């Protein structure tokens, strides 16, 4: 049986968005409580 595995998601500790594990949050730019990238305000 061939199937596509479900993507595991974690919750960002800063903004609580759903993100892939071990990645910088694209919503707020934080990783493990540290701002890694600056996200421009819209």
field: Checking residue 39 against (1) within 9 Å of the chain's Cα centre (by Cα); (2) surrounded by 13 or more Cβ atoms within 10 Å (Cβ to Cβ), the condition it does not meet
entry: (1)
Residue count for region 1-35, restricted to those that are surrounded by 14 or more Cβ atoms within 10 Å (Cβ to Cβ) and in contact with a strand residue (DSSP E or B) (Cβ under 7 Å, 6 or more places away or on another chain): 6
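Computed from the coordinates by the stated procedures, all read-outs in this text should not be read as laboratory data. These numbers come from a predicted model, not from an experiment. Quick reminder, even Gly has a Cβ in these numbers, built from the backbone with ideal geometry, and neighbours come from all protein chains shown.
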